[in-house]
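Asks: Supplied in structure tokens, the structure appears directly below.
Rule-based calculations on the coordinates, nothing more; no lab input. Remember, it's a predicted structure, so these values are computed and weren't measured experimentally. Positions of Cβ are backbone-derived with ideal geometry, glycine not excepted, and every protein chain shown enters the neighbour counts.
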Amino acid sequence: MASEQNGTSAPTNTINHNYAHGHRKTRSSKSDKSWILICGLFSIVGAIMLVVNIMSLVNEIQLRRDCTELTDGIVTQLVLNPADESDDDSSDTWTPVFRYSVNGQTYEQRFSISSSPPKYKVGQAVAILYDPTNPSRYVVKGDNSALVLLLALMLMCIGFTSVLPIAVVIHKNNNPSSKASQQLPY
């Protein structure tokens, strides 16, 4: 009886072991494809966002190069941007509106960056650098928040873009040789 159990036990274990191994191999190849797909999507989205961000950064730098003339400005209002009620992490932000004059023409412009808490106060005097060929283009002297935001976004985009290459390196380090692992006896 004991020898029968041993006799039937070995082939059953061998069959089950081979089935389990084959099943694992199929699952492994599916998971290999899914992690490549997910990491690839992160990298593609990151690369697209990186290109858009670089274009925005180039535009901001060009704006700062073009804005060479100085004038006095004032904060006329803070526009409230209410928080998204469906997002618990969002908060109200405020966008300042600046008024300045160039050659008798008055310009009132909404700033491109909002903040919470507000960075400026109504009635606060600011120095405005404007483009002499198009005075409606301006920057607030000393306010680099747009550059800081674009650089932070660029770092995030670089991180997204690098997901696939980093994942491939990690995968190769964890699985040194797929040919060698296929030759191992099971």
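Asks: P(r) of region 22-171 in 10 Å steps, Cα pairs, percent per bin?
Replies: Percent of pairs per bin, in order: 10, 26, 26, 17, 11, 6, 3, 1, 0.
Asks: Please list 3J(HN,Hα) in residue order for region 135-146, calculated via the Karplus relation 6.51 cos²θ - 1.76 cosθ + 1.60 where θ = phi - 60°; whole Hz, with x for glycine and proline.
Replies: Coupling constants for region 135-146: x, 6, 8, 8, 9, 8, 4, x, 9, 9, 4, 5 Hz.
Asks: Related question: Semi-axes of the equivalent ellipsoid for region 73-146, please: Cα gyration tensor eigenvalues, times 5, square-rooted, ordered largest first, whole Å.
Replies: Working through the eigenvalues yields semi-axes of 27, 12, 11 Å.
Asks: I need to check one value: relative contact order of region 73-146, counting alpha carbon pairs closer than 8 Å and at least 6 residues apart, in percent.
Replies: About 30 percent, as a whole number.
Asks: Then there's this: Using a Förster radius of 41 Å, what is the FRET efficiency between Ile113 and Asn173 based on their Cβ-Cβ separation? Nearest 0.05, please.
Replies: Efficiency for this residue pair is about 0.45.
Asks: Then there's this: Using 0.36 nm times the number of residues separating Thr133 and Ser91, minus their current alpha carbon distance, what extension gain do you get?
Replies: This chain segment gains 11.3 nm when fully extended.
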